[in-house]
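Trainee: Okay, here's the structure, questions in a sec.
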Amino acid sequence: MLELMPGLTRIYEEWAEKYPDVQPLTIQFPARDGEDTEDGAKKGGLDGVLAYPLDGHWLLVTFGLTELGEKTSQEPRVSGAGFEFTCRIPRGPEEKAVPTWILRVLHAVADHFLAGTDLDVGHWILTPSPLGGEPANGDMTSLVIVPDVDIAHITTPNGIVLFFQLVGLMSGEGQEMQEAGTSSPLVAVLRDRDPRLVSDPGREPVQL
């Protein structure tokens, strides 16, 4: 099947090269009706997520915002939306299943984009409740977008694909970022603490 989906094959290949000894779980979402974009391509939700069970954390990589099969858009340099999302969350040593809350987050952010919201590196999303509606996430209520720490972009037969990593923020961090009008200082501190930028609800808040 993958030979019929060159865009998806390239995503698999690139991440397999980065983590050759890790077999990802493939989580596919039910098909949803999409609406036509201006160039005639279908504009639907996420097709699914690749979930890599790494040491100490899950790596989630979405697929479906870009063109996975044949090229349908008129822009040869960019595949579909031009990006897929990634995210890293804590994983217990015996944890075999991906927490459902992060799947809800990825779905919601993708829907946010498809509804017309511009999303790019440096942008943030503030919410009043714990991420994914998960009470255990406590004060982690917001997200910031950064280039993925492992793979920032790849080239596929359908054009370039960027990887936007979603990083969870505590409510106070989101408010301070909103007031400052920039995410750069906060992201720099978080990166110094954890180069992988794992979205850990149990971490200490950043005080800028």
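Trainee: Nearest 10 degrees, 0 to 90: what angle lies between the long axis of helix 100-114 and the longest principal axis of the chain (Cα atoms)?
Mentor: That helix lies at roughly 60 degrees to the long axis.
Trainee: Explain nothing, just compute: Karplus ³J(HN,Hα) = 6.51 cos²θ - 1.76 cosθ + 1.60, θ = phi - 60°, for every residue of region 185-199 in order, whole Hz, x for Gly and Pro.
Mentor: Computed from phi, the couplings for region 185-199 are x, 5, 4, 4, 5, 4, 5, 5, 5, 8, x, 7, 6, 5, 7 Hz.
Trainee: Let me ask something else. Do the sum for the chain: with -39,500 (n - 2.57) for every DSSP H run of n ≥ 4, divided by all residues, what is the mean residue ellipticity at 222 nm, to the nearest 500 deg cm²/dmol?
Mentor: Details: 4 runs with 48 residues, N = 208.
Rounded to the nearest 500, it is -7000 deg cm²/dmol.
Trainee: Now for a separate question. With percent of Cα pairs over 32 Å apart defined as stated, name the option among (1) 39; (2) 15; (3) 9 computed from the structure displayed.
Mentor: For percent of Cα pairs over 32 Å apart, the calculated option is (2).
Trainee: Separate question: How would you order 114-120, 57-63 from highest to lowest mean count of nearby Cβ atoms within 10 Å? Please list the in-between numbers first.
Mentor: Working: 114-120: 10.7, 57-63: 23.9.
So the order, starting with the most tightly packed, is 57-63, 114-120.
Trainee: Next up: Can you give the angle from 0 to 90° between the axis of helix 171-180 and the longest principal axis of the chain, with both taken from C-alpha atoms, to the nearest 10?
Mentor: Around 80 degrees separate the two axes.
Trainee: Given contacts defined as C-alpha pairs under 8 Å and at least six residues apart, what's the relative contact order of the chain, whole-number percent?
Mentor: Here the relative contact order equals 19 percent.
Trainee: Something else now. Computed FRET efficiency, Cβ-Cβ of D111 and E17, R0 22 Å: what is it to the nearest 0.05?
Mentor: My answer for the efficiency is 0.15.
Trainee: What percentage of the solvent-accessible surface of the chain, computed with a 1.4 Å probe over protein heavy atoms, is contributed by carbon and sulfur atoms?
Mentor: On the way: 5460 of 10370 Å².
C and S atoms contribute 53 percent here.
Trainee: What angle, in degrees between 0 and 90 and rounded to the nearest 10, separates the Cα long axis of helix 6-18 from the longest principal axis of the Cα atoms of the chain?
Mentor: Once rounded, one gets 40 degrees.
The values are calculated or read from the model by the stated rules, or taken from the named source; none is laboratory data. Keep in mind that what you see is a predicted model, and the values were worked out from it rather than measured. We place every Cβ from the backbone using ideal geometry, glycine too, and count neighbours over all the protein chains shown. Heavy atoms of the whole protein, side chains included, go into the accessibility calculation; ligands, DNA and RNA do not. Shrake-Rupley method; radii C 1.70, N 1.55, O 1.52, S 1.80 Å.
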